[in-house]
Amino acid sequence: MGTNDTIEAMPLPLAARRRRNLPARAAFDWLAKGWRDLWHKPLPSLAYGLAIFAVSIVIVWELFRLKLDYILFPALAGFMVVGPLVAIGLYQKSRDIEDGRSVSLARMLFVKAASGAQVWYTGAILCLLMLVWMRAAVIIYALFFGLRAFPGLDGVVAMLLNTPEGWGMLVVGSAVGGLFAAFSFAISTFAIPMLLDEKTDAFTAMGTSISLVWNNLPVMLAWGAIVLALFLLSVATGLIGLIVVFPLLGHATWHSYRAIA
């Protein structure tokens with residue numbers, strides 16, 4: 001074997017393989033590909049989105065019934081933490097489309113990940129992170145308002161915007177929530193697709209996801225902004241938008257993984 005063959009056979013350095021130098025606009029390409037996958041035999045994807053909407057409505061209803069409405073906003077934010085795990089069936093559909101396999105709701109619901117139980121171990125970590133964030137949100141409220149009862153959704157906006165404590169809570173809560181959101185986004189956005197697609201362990205997948213996000217920061221910031229904007233749009237529609245938005249983001253996330261990982 002010649003020297004040139006030896007050089008060609010050598011793998012690229014890890015940092016080079018994890019840096020794709022994609023422009024920020026590439027995030028819109030992922031969204032377009034996700035839209036295409038959504039409308040390729042759309043019924044399974046829309047049924048998936050409808051199920052997510054129904055479960056979300058039940059959870060919100062239970063929070064109000066149990067008088068836990070004070071954790072509604074942290075719970076909505078926490079949904080974005082566990083979203084990548086919940087979307088695993090959508091990744092499966094996009095992968096099936098890539099591989100030319102038949103698409104079915106059954107294959108989306110009963111996913112066989114290449115990493116086996118490691119994907120559920122990662123999911124447990126994400127759920128724990130969501131619970132920590134919700135507890136942190138309650139503690140932040142208590143630090144600024146003490147034992148004052150939560151005024152309900154009708155009064156919370158006035159309390160936040162018309163009092164010094166409210167502005168302080170908004171600043172601190174946004175900063176802490178942003179850190180939780182950034183960390184959860186970094187560890188999960190590529191980890192779950194990777195565990196579906198490759199045989200690896202949870203911590204390797206999460207560590208790789210952080211590395212991929214960090215080394216492709218411009219496009220990942222754009223992607224994170226798109227995800228947040230579409231999620232807020234879904235909340236503004238009373239969560240009805242999740243029926244379409246959640247499958248769209250799930251399919252698009254698979255294409256972001258294919259483009260970078």
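Observations, loosely collected:
- Computed [θ] at 222 nm, deg cm²/dmol, the chain (DSSP H ≥ 4; -39,500 (n - 2.57); rounded to nearest 500): -25500 deg cm²/dmol
- Using alpha-carbon coordinates, inclination of helix 217-236 to the longest axis of the chain, degrees: 40 degrees
- Spatially near lysine pairs across the chain, Cα under 16 Å, sequence gap of 8 or more or different chains: 5
- For the chain, the longest principal axis of the Cα atoms and the long axis of helix 42-65 meet at an angle of about 30 degrees.
- The angle between the Cα long axis of helix 242-260 and the main principal axis of the chain comes to about 40°, on a 0 to 90 degree scale.
- Under the Karplus curve 6.51 cos²θ - 1.76 cosθ + 1.60, θ = phi - 60°, whole-Hz ³J(HN,Hα) for the stretch 81-97, x wherever Gly or Pro sits: 5, 8, x, x, 6, 5, 7, 4, x, 6, 4, 4, 5, 4, 5, 5, 4
We did not get these values from a lab; they are worked out from the coordinates using the rules stated. Given the structure is predicted, the values throughout are model-derived calculations rather than measurements.
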